[in-house]
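Let me begin by presenting the structure, written as structure tokens, before commenting on it.
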Amino acid sequence: QRLVGASALLRKREEDLRASEERFRLVIEGVRDYGIFALDPDGVVTSWNLGAERIKGWRTEEILGEHFSRFYPDDTREYLPDQMLEGARKNGSSEDEGWRLRKDGTRFWANVIITALHDESGQLQGFAKVTRDMTERRRSEEALRLAREEAVAANLAKSEFLSRTSHELRTPLNAILGFGQL
């Protein structure tokens, strides 16, 4: 009876674990606004969600087994991926915002967080990487910055115009005032 009870308890725990894993998989797969994927300790992609596929353009079977440095433009590919992994190893996580590449070669502005994943003994098992496409926000900020610069330039031009106009009017008016006083 004890063996039957222990077997039933074990089956129940296995079913609960499978159900929990399935819920977790559904949550990760269902997120479409964020690219969520796992890297091994060397930075090789080991899992890929639909959000990552939507943002970056690679299908799961195309990217699994590839190093994540392929998402970085040429000007940062040599050093930034390694810096990000090293920062996550040392501090538990590292965050960056900058240009990244899609499969088709187009660039997008991304917010990236890499988190180190450790087992119970503290051994590094890999990394979780979350990427969000921030291109529209960056465009809005850039448009706002340009509008602000144009407003400052227009204000300076207005001030200069008023100063020159005042000076140009003052000279003949002083002559008229002088003649009027005479």
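Could you pull out every residue, at least 5 positions away or on a different chain, whose amide H is within less than 5 Å of the one on Met134? Hs are placed 1.01 Å off N in the peptide plane, and Pro or chain starts have none.
Under 5 Å from the amide H of Met134: Trp109, Ala110, Asn111.
Working from Cα positions, state the angle (0 to 90°, nearest 10) between the long axis of helix 2-30 and the longest principal axis of the chain.
20
So what's the net charge close to Ala153: Lys and Arg +1, Asp and Glu -1, counting the other residues with Cβ under 15 Å from its Cβ?
Numbers: positive: Arg145, Arg148, Lys158; negative: Glu149, Glu150, Glu160.
So the surrounding residues net to 0.
Accessible surface of Asp133 in the full protein assembly, 1.4 angstrom probe, to the nearest 10 Å²?
50
Run through the range 66-118 and list the chymotrypsin sites (Phe, Trp or Tyr not before Pro) located in a DSSP loop whose Cβ has at most 16 other Cβ atoms within 10 Å. Please report the intermediate quantities before stating the final value.
Numbers: sites: Phe68, Phe71, Tyr79, Trp99, Phe108, Trp109; in loops: Tyr79.
Passing both the DSSP loop test and the Cβ count: Tyr79.
Taking all protein chains together and a probe of 1.4 Å, list Arg18, Arg59 from the most accessible to the least accessible.
Numbers: Arg18 145, Arg59 110 Å².
Greatest to least solvent exposure: Arg18, Arg59.
Restricting to lysines 8 or more places apart or on different chains, can you count the pairs in the chain with Cα atoms under 20 Å from each other? Mind showing how you got there, number by number?
On the way: Lys56/Lys103; Lys56/Lys129; Lys90/Lys129; Lys103/Lys129.
Lysine pairs, 8 or more places apart or on different chains, close enough: 4.
To the nearest 20 Debye, how big is the dipole of the range 41-98 about its Cα centre, given +1 on the beta carbon of each Lys and Arg and -1 on that of each Asp and Glu?
On the way: 7 positive and 13 negative charges, 43 e Å.
Roughly 200 debye for the range 41-98.
Could you state how much accessible area Ser166 has, in square angstrom rounded to the nearest 10, with a 1.4 Å probe and all protein chains kept in place?
Number for this one is 50 Å².
What part of the accessible area of the chain, given as a whole %, is carbon or sulfur when the probe is 1.4 angstrom?
Using a 1.4 Å probe with all protein chains present, the chain comes out at 55 percent carbon and sulfur.
Roughly how big is the range 65-182's charge dipole about its Cα centre, with Cβ charges of +1 (Lys, Arg) and -1 (Asp, Glu), in debye to the nearest 20? Please list the in-between numbers first.
Details: 18 positive and 20 negative charges, 97 e Å.
Around 460 debye, computed over the range 65-182.
Just by accessible area at a 1.4 angstrom probe, what is the order of Thr76, Thr131 from largest to smallest?
Numbers: Thr76 25, Thr131 0 Å².
Ranked from most to least accessible, the order is Thr76, Thr131.
Cα atoms only: what Rg and Dmax, in Å, come out for the range 28-182?
27.9, 101
In square angstrom, rounded to the nearest 10, how much accessible surface does Lys158 have for a 1.4 Å probe?
110
From largest accessible area down, sort Glu78, Glu160; use a 1.4 Å probe on the protein chains. Mind showing how you got there, number by number?
Values: Glu78 155, Glu160 95 Å².
Correct descending sequence by accessible area is Glu78, Glu160.
Would you please give the residues with an amide H less than 5 Å from that of Ser47, counting only those at least 5 places away or on a separate chain, with H modeled from the backbone geometry?
Ala38
Given labels modelled 7 Å from the Cα in the Cβ direction, how far is it in nm from Asp74 to Ala175?
Using points 7 Å along Cα→Cβ, the separation is 6.5 nm.
Mind checking which of Asn155, Met84, Tyr34 is farthest towards the positive end of the chain's charge dipole, using Cβ charges of +1 (Lys, Arg) and -1 (Asp, Glu) about the Cα centre?
The listed residue farthest towards the positive side: Asn155.
If you place +1 on the Cβ of every Lys and Arg, -1 on the Cβ of every Asp and Glu, and leave all else neutral, what size is the dipole of the range 4-128 about its Cα centre, to the nearest 20 Debye?
Numbers: 18 positive and 24 negative charges, 82 e Å.
In total the dipole reaches around 400 debye.
Among Ser94, Ala116, Leu9, whose Cα projects farthest towards the positive end of the dipole of the range 1-142, with charges put on the beta-carbon of Lys, Arg (+1) and Asp, Glu (-1)?
It is Leu9, whose Cα lies furthest towards the positive end.
Seen from all sides and averaged, what is the projected area of the convex hull of the Cα atoms in the range 112-182, in nm²? Intermediate results must be reported in sequence, preceding the final value.
On the way: hull surface 36.0 nm².
So the Cα hull casts an average projection of 9.0 nm².
Residue separation times 0.36 nm, minus the C-alpha to C-alpha distance between Ala19 and His118: what's the value?
Values: separation 99, 0.36 × 99 = 35.64 nm, distance 2.28 nm.
Separation in residues times 0.36 nm, less the Cα-Cα distance, equals 33.4 nm.
The values are calculated or read from the model by the stated rules, or taken from the named source; none is laboratory data. Just so we're clear, the structure is a prediction, and the values are computed from it rather than from any experiment. Reconstructed Cβ throughout: ideal geometry from the backbone, glycine too, with neighbour counts over all protein chains shown. Just so you know, the surface numbers come from the protein's heavy atoms only, side chains and all, with ligands and any DNA or RNA stripped out. Shrake-Rupley method; radii C 1.70, N 1.55, O 1.52, S 1.80 Å.
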